Amino acid sequence: MDNAGGGPTTPEGVVARRGRGQRLVAELIALGLVGVLLLTALGAGVGALYRDVYGPRAFVTHYLDLLAEGDAAEALLVPGVAVDSVELEAAGLPASASEALLRPAAMSEISDATVVDETADGDVTRVTVAYTAGGYAGRSTFTVRQDGWIGVVPRWTFAESPLGVIELTVRGSMSFDVNGFEIDKRQVSIDGVDADPSASVPLLVFSPGLYSVGVDTAISATPGVAVLADSPLTGIPVDVQAEPTDEFVDVVQQRVNDFLSECAAQQVLQPTGCPFGLTVRNRIDGTPTWSISRQPTVTVVPDGAGWRIPSAEAVAHIEVEIRSIYDGSLRNVSEDVPFLVDGAITVLPDGTASILVGGGMESD
């Protein structure tokens with residue numbers, strides 16, 4: 001049979017044309033699948049780029065990178081980090097919190113920060129990050145929201161500041177250090193030089209961060225207390241009780257010894273302002289002579305913002321001649337007089353200590 005083109009149509013020709021047509025269809029389908037895969041890959045790449053470079057997790061990671069670099073100034077410039085008194089009060093935190101610790105010298109080491117979860121909730125996104133702070137593992141969740149655009153790139157801000165507040169009470173010292181950065185309460189208290197030594201002071205800190213509080217002065221010391229600030233806009237109460245140094249106790253012991261020696265130098269039965277004395281019903285003949293036969297063993301313990309000397313036993317010795325009113329006879333008295341010593345110690349603004357020694361006679 002002839003075809004319209006004038007050539008004969010053979011079974012072999014029909015089969016060949018069908019084969020070419022099927023290959024063309026298969027190639028077009030394959031190209032379509034490749035296109036779909038390319039578009040899918042492109043979409044996934046754009047999504048990953050958005051997530052890792054322009055998304056909420058990238059915003060939080062940038063903040064953590066600044067903390068890891070110890071760049072306090074730049075970290076405070078990240079949108080939503082800095083807070084004012086209104087925001088602090090709204091979060092139930094002291095509006096007068098000091099910014100003294102928002103500096104490189106007081107920051108802790110942050111490393112191994114990794115985003116472990118990102119959850120959208122309405123117009124905010126919660127980003128959870130695991131990290132190591134000062135050698136301790138931690139985890140924090142930050143709340144981020146979009147704050148407009150920069151060209152075609154979204155701009156983000158912390159919906160809640162990542163800063164925290166350490167509400168620090170240090171007893172036994174007006175000065176202390178945080179991560180090695182030295183602070184005096186009077187520098188950070190709203191009351192200045194009139195700061196109550198026993199009152200807490202609120203201090204803004206970067207979160208996350210490990211903060212070690214210690215005291216190391218000539219008078220008092222403590223091994224330190226470490227706290228992890230891991231929750232945004234949260235108060236962290238820290239209470240540190242310093243203990244007296246051995247050198248301070250030695251100084252107090254010497255002051256007490258000197259005080260009692262000065263008392264013993266008074267040649268009267270009842271030395272003025274002293275914790276010992278002798279009462280007699282007869283007349284003395286000559287002048288009494290006192291000596292301290294046993295000095296007290298002094299200890300120093302915390303007492304609110306200051307210190308005190310708990311009661312300690314001591315013994316004075318008197319030599320005196322007493323003449324009897326009844327018959328005029330003369331009797332030599334050589335007697336040990338037990339008594340107790342205590343005292344209060346106040347640390348003055350210049351760092352020196354005022355020691356007030358008291359006490360009295362032992363009761364029978």
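The values are calculated or read from the model by the stated rules, or taken from the named source; none is laboratory data. The structure displayed is predicted, hence computed values, not measured ones. Heads up, the Cβs are rebuilt from the backbone with ideal geometry, glycines too, and the neighbour counts pull from every protein chain shown. Ligands, DNA and RNA are stripped out before the accessible areas are found, and what is left, the full protein with its side chains, is counted by its heavy atoms. Shrake-Rupley method; radii C 1.70, N 1.55, O 1.52, S 1.80 Å.
In the condition set (1) touching a residue at least 40 places away in the same chain (Cβ under 8 Å); (2) over 20 Å from residue 66 (Cβ atoms), residue 148 is compliant with all but (1).
Residues in the range 322-361 that are among the acidic types (Asp, Glu) and open to solvent by 70 Å² or more (accessible area, probe 1.4 Å): 327, 335, 336, 350.
In the range 256-266 there is no residue that is of a type in the set (Gly, Ala, Ser) and at pLDDT below 95.
Selection of first residues in the range 83-106 that are free of Cβ contacts under 8 Å to residues at least 12 places away in the same chain and of second residues that are buried (at least 18 other Cβ atoms within 10 Å of the Cβ), restricted to Cβ pairs under 7 Å at least 6 apart or on distinct chains, gives the following pairs, ordered by first then second residue: 95/88.
Among the residues of the range 307-321 satisfying the criterion of being of a type in the set (Gly, Ala, Ser) and open to solvent by less than 70 Å² (accessible area, probe 1.4 Å), which is farthest from residue 200 (Cα to Cα)? Per the stated criteria, the residue is 316.
Within the range 164-205, restricting attention to residues that are of a type in the set (S, T, N, Q) and within 16 Å of residue 240 (Cβ to Cβ), the residue that is nearest to the chain's Cα centre (by Cα) is 179.
In the set (1) open to solvent by 50 Å² or more (accessible area, probe 1.4 Å); (2) without any contact (Cβ under 8 Å) to a residue 40 or more places away in the chain; (3) touching a Gly at 6+ places or on another chain (Cβ under 7 Å), the condition left unmet by residue 225 is number (3).
Kindly check whether there is at least one residue in the range 159-181 that is touching a Ser or Thr at 6+ places or on another chain (Cβ under 8 Å), charged (D, E, K, R) and within 30 Å of residue 306 (Cβ to Cβ). Yes, that holds for at least one residue.
Sub-8 Å Cβ pairs linking a first residue in the range 243-255 that is under 22 Å from residue 170 (Cα atoms) and without any contact (Cβ under 8 Å) to a residue 40 or more places away in the chain to a second residue that is part of a strand (DSSP E or B) and polar (S, T, N, Q), at least 6 apart or interchain, are 245/220, ordered by first then second residue. Scan the range 125-142 for residues that are within 25 Å of the chain's Cα centre (by Cα), open to solvent by 30 Å² or more (accessible area, probe 1.4 Å) and either among the β-branched types (Val, Ile, Thr) or closer than 15 Å to residue 58 by Cα (or both) and jot them down. Scanning the range 125-142 gives 132, 141.
Look through the range 242-297, keep the residues that are of a type in the set (Lys, Arg) and over 44 Å from the mean Cα position of the chain (by Cα), and return whichever of them is surrounded by the fewest Cβ atoms within 10 Å (Cβ to Cβ). The residue in question is 281.
For the range 52-81, taking the residues that are out of contact with any strand residue (DSSP E or B) (no Cβ under 8 Å at 6 or more places or on another chain) and open to solvent by 60 Å² or more (accessible area, probe 1.4 Å), the one that is nearest to residue 184 (Cα to Cα) is identified as 73. Taking the numbered list (1) farther than 30 Å from residue 192 by Cβ; (2) loosely packed, with under 13 Cβ neighbours inside 10 Å in turn, residue 304 passes all entries but (1). Here residue 327 meets each of (1) touching a residue at least 40 places away in the same chain (Cβ under 8 Å); (2) at negative phi with one exception, condition (1). The criterion of at least 1 residues that are buried (at least 23 other Cβ atoms within 10 Å of the Cβ) and in contact (Cβ under 8 Å) with a residue 12 or more places away in the chain is met, among strands (runs of 3 or more DSSP E) falling completely within the range 158-222, by 164-171, 175-178, 201-205, 209-216.
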